[in-house]
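Derivation of every value follows stated rules applied to the coordinates shown; laboratory data play no part. Since this is a predicted model, take the numbers as computed values, not measurements. Cβ: placed from backbone, ideal geometry, glycine included. Neighbour counts: every protein chain shown.
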Amino acid sequence: MYWKPCQASEATAVNVMMRFVLYSINYSPELTGIGKYNGELAESLSARGIDTHVITAPPYYPEWEIHKGYRNRWSKQADKDVLIYRCPLYVPQKITLVRRLIHLSSFALSSAFRSVSLLRLKPDVLFVVQPTLFCTPAALLYCKLTGAKSVMHIQDYEIDAMFGLGMMQRGFLVSTIKRVESWLMARFDLISTISHSMLENAKAKGVDTRKLLLFPNWADIDFVTPDIDGSSLKEEWGFSTEDKIVLYAGNMGEKQGLEAVLEAAEQLQNNAQLHFVMVGAGAHAETLAAIAVERNLTNVHFKPLQPWERVPEMLVMADLHLIIQKCGAADAVLPSKLTNILSAGGHAIVTAEQDTELGILAEKYPGIYERIEPENTEQLVLSLNDMLNRNLDKRNKIARDYAVGYLSKDKILDRFEHDMKKLCSTI
C-alpha cells in the first residue's frame, strides 16, 4: 500500500512545529508550471506558521533568460515570510541536449555550495523537486548531515522525458542512468508525485510502495471560475463577440509538438471567425512564430504570458483549449495547465495515449475533455471541427465539478501539511 496520508482525526496527534526547505530550480515569480506551484506551496506553508526556506535559481522560465530585476548570482531575499536563497546557473539561449545537461548541472553545483552554508538550518524536511534529479545527491547528503527527512517530489520524470522524446539513444549509457535514478530514489524517505500513473512509474523504478505519496497539482477554484467575464480581454485583443477562440497557453517547448496546432490552423483558414491564440513563451516560441509568418497564418495570434490576475479572464474567453504533447510525454510530464482549465469549466482537446493518466481520466469522466492520439493532425482537425460545431455550453460542468471535488488548493495543501508533520513525527 502507498504512504497513508494523515487523516483529519490524526491532525492534532501530529501537531509538530516544522522547518521546511524547498529545493528546486524553479520558483516564483515564474508564471507557469513548476515555479508557480512551488511559490504557492512555500507561501501557503509559511502562512500556516511553518518556517519555510527555498533554495532555487533566479527566475528564467519559460523565456529562458533571467527575468528583469534579477541577477544571475547568489542572493538572499525574504518574500511573504519565506527566505529565498537564489543560486546562479547557466541559461542557454538555444536549447540542445548537451546545453540542457550543462544548465541542470550548473544549478546542482551552485546550489550544493549554497546548501553547505545552510547546514545550520537543520530543517525537519528537505523537499527536493524533480526536475532536477541532478540535485538529489547533494540533497541526500544534506539530510544525512542535518537529520532532515528527505522527500523527492516528481513534477516531471526528466530522464523518462528525454528517452520518450528521443533526446537520447537507448543502450548501456541509458540503462546505467536509469539504475542510478532508481538507486537515488530508493534512498529518500518519501517519494511524492502528481498522478497515480506517475506513482506506478516510481513503483516500477523500485521505490517501496510504503514510501509513495500522491501530492497532485491544484487549482484556485475560488479565483479561477466559469463565472468570470472574459469579454473585455477578447475585445482588447481585437476579436469580435462572434469570433471563436482556440487557446493554447503555457510553455512553448519542443516536447509539446505545437507544430500540429499550426498545421491545423492552416487547414482551417477558410473559417474567418476561427482564431488560434498562442499565449506564452519558451525555447521553441520564436520558431513557431516564424513558421506562422512563413505560412501566412493570419488566424494564428501570439501573445505574451499574462499576469496571474488576468488568467481567469483568458481561460473563460476561450471557446476551446488545447493541451498538446508529443508521443511518450503524457505520463512523464503531466501538464500543469490542465488544472486551471478544468477549474474554469473549459472545454479542451488533450493529446495523450489511451493508457496514460490523461487517457484514463477521460474514460472515467466522459466529457471532462476530448482525448485524441498525439501527433495526429488529421484527428486534431476533425476534433476541432466537431467540438466547435456542437454549440457546446460555455461552462463544462463535468470539468468544473471535477476541479471542485478533487483540485481544491486548500484541501490539497491541508492534507500535505498534515502528511509532512506526520513524516516528521516518525522515527
Notebook entry, point to check: Taking neighbour counts of Cβ atoms within 10 Å as a proxy for exposure, in what order, fewest first, do His347, His196 appear?
Noted result: His196, His347
Next item on the list: Report, in deg cm²/dmol and to the nearest 500, the calculated mean residue ellipticity at 222 nm for the chain, where each DSSP H run with n ≥ 4 adds -39500 (n - 2.57) and the sum is divided by the residue count.
Entry: -11500 deg cm²/dmol
Next item on the list: Would you look at the GNM of the chain, springs on alpha carbons closer than 10 Å, and say which of Leu338, Leu109, Leu133 moves the most?
Entry: Leu109
Checklist line | Burial ordering of Ile324, Ile245, fewest other beta-carbon atoms within 10 Å first | finding: Ile245, Ile324
Notebook entry, point to check: Any idea what angle helix 136-146 forms with the longest principal axis of the chain, computed on alpha-carbon atoms, 0 to 90 degrees, nearest 10?
Noted result: 30 degrees
Notebook entry, point to check: Hey, any idea what Rg/Rh is for the range 231-405, computing Rh the Kirkwood way over Cα pairs?
Noted result: 0.93
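Rg/Rh for the chain: what does it come to with C-alpha atoms and Rh from Kirkwood? Walk me through the intermediate numbers first.
Working: Rg = 21.5 Å, Rh = 22.4 Å.
For the chain, the value is 0.96.
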Margin query: Principal axis extents for the range 124-241, Cα atoms only, whole Å, descending order, please.
Written below: 57, 40, 24
Next item on the list: List Thr56, Thr377 from most exposed to least, where exposure is judged by having the fewest other Cβ atoms within 10 Å.
Entry: Thr377, Thr56
Next item on the list: Express the relative contact order of the chain as a whole percentage, based on alpha carbon pairs under 8 Å and six or more residues apart in sequence.
Entry: 16 percent
Checklist line | Above-threshold pairs, the threshold being 31 Å between Cα atoms, out of Lys80/Lys394; Lys36/Lys122; Lys68/Lys244 | finding: Lys80/Lys394; Lys68/Lys244
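Just need the relative contact order of the range 231-405 here, percent rounded to a whole number, with Cα pairs under 8 Å and 6+ apart. Before the final figure, lay out the partial values.
Details: 280 pairs, mean separation 39.0, N = 175.
Normalised by residue count, the contact order of the range 231-405 is 22 percent.
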Check: Where Lys and Arg each count +1 and Asp and Glu each count -1, what net charge lies around Ala281 among other residues with Cβ under 13 Å from its Cβ?
Finding: -3
Check: How large is ³J(HN,Hα) for each residue in the range 26-31, as worked out from phi by the Karplus curve 6.51 cos²θ - 1.76 cosθ + 1.60 (θ = phi - 60°), to whole Hz, x for Gly and Pro?
Finding: 10, 7, 3, x, 4, 8
Notebook entry, point to check: When the Cα centres of the range 347-392 and the range 35-74 are compared, how far apart do they sit, in Å?
Noted result: 34 Å
Notebook entry, point to check: When the chain is treated as a GNM, springs tying every alpha-carbon pair under 10 Å, which of Val98, Val300, Val261 comes out with the largest mean-square fluctuation?
Noted result: Val98
